[in-house]
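Novice: Have a look at this one.
The values are calculated or read from the model by the stated rules, or taken from the named source; none is laboratory data. Remember, predicted model here, so these are calculated numbers, not experimental data. Please note: Cβ atoms are built from the backbone with ideal geometry, for glycine as well, and neighbour counts cover all protein chains shown. Areas reflect the complete protein model, heavy atoms only, side chains present, ligands, DNA and RNA absent. Shrake-Rupley method; radii C 1.70, N 1.55, O 1.52, S 1.80 Å.
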Amino acid sequence: MLVLYCESRQITVHIIHANDFTLHGSVNVSEFLGVTMLSYPSFYFKRSIKVIKRIFDITVSLSLIIILFPILLCISIWIKVVSPSGGVIYNQTRVGRDQKEFDMFKFRTMIPNAEVSTGPIWANENEDRYIPGGKFLRQYSLDELPQLFNVLRNDMSIVGPRPERKYFVDKILNEVPHFNLRHTIKGGLTGWAQIHGRAYMTNKPSQKVAYDLYYISNWSFILDIKIIIKTFFVVLKGEQAY
């Protein structure tokens, strides 16, 4: 608990290693005067990084909204034609920076009230709730395009940990108590974890958070560009998406 408290408040912790001490994915192991030390770094972005990312986010999201407007319009019309009883945009509450909740926008790819009988569940590879064409939109992440407006509104960033629903965050915290460390920054349209697993990482939170914490502690503008380029090719393959 002490480690989690310090990490969430941007305090780096150094602890003499004991065999009965529990490790988690953000620990660094070093040696000081022959004694093994466990170092738990803090995870946050400096103000200068936040400014750089915000300028980049505004520029990219606004440019893409303008360029992709015809595609956004066509998708909207298609959804309304094949599934007129539901809305075009699906608002889903997600957990963002500092654990604050926000409405994340997505093109609706499933039947109306898809979770009314099951409650919150993750989509799976045998999914049968898609509307006509919904699986295609999901496979190539076209359903995520409305999140460009979330980026413009400062809810999200182009690159960052993918925001999760509070229902799942609460469940994950029981098994991965340091999962909230990924909420020290804004969630992203894509992220370091997504290019290493996409849907594979969805139900593997301990692996996902390890990638997210690596991203936070090793951020650079070049890394963001690398993730964006890699995302393009991952999405183009249409693999591991449901």
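Novice: Nearest 0.05, what FRET efficiency do ARG129 and ASN154 give at R0 = 35 Å with Cβ-Cβ as r?
Specialist: Working: r = 31 Å, r/R0 = 0.90.
The pair ARG129/ASN154 has a calculated efficiency of 0.65.
Novice: Heavy-atom accessible area per residue, the stretch 50-90, 1.4 Å probe: how many Å²? Write down the numbers at each step before the final one.
Specialist: Details: 2560 Å² over 41 residues.
Accessible area per residue, the stretch 50-90: 62 Å².
Novice: Taking N as the number of residues in the stretch 140-215, what is its Cα Rg relative to 2.2 N^0.38 Å? Display every interim value, and only then the final one.
Specialist: Working: Rg = 12.0 Å, N = 76, 2.2 N^0.38 = 11.4 Å.
Scaled against compact globular proteins, the figure is 1.05.
Novice: Here is a follow-up. Go through PHE56, PHE179 and list them by solvent-accessible area, largest first, probe radius 1.4 Å. List each step's numbers first, then the result.
Specialist: Values: PHE56 40, PHE179 0 Å².
Descending order: PHE56, PHE179.
Novice: OK, next. What is the sum of charges around SER220, taking Lys and Arg as +1, Asp and Glu as -1, for the other residues whose C-beta is under 15 Å from the C-beta of SER220?
Specialist: Result for the neighbourhood of SER220: +4.
Novice: With a probe of 1.4 Å, find how much accessible area the stretch 91-196 has per residue, and write the answer as a whole number in Å².
Specialist: 45
Novice: Can I ask one more? Report, to the nearest whole %, how much of the accessible area of the stretch 147-240 belongs to carbon and sulfur atoms, 1.4 Å probe, protein only.
Specialist: On the way: 2390 of 4110 Å².
Within the stretch 147-240, the accessible surface is 58 percent carbon and sulfur.
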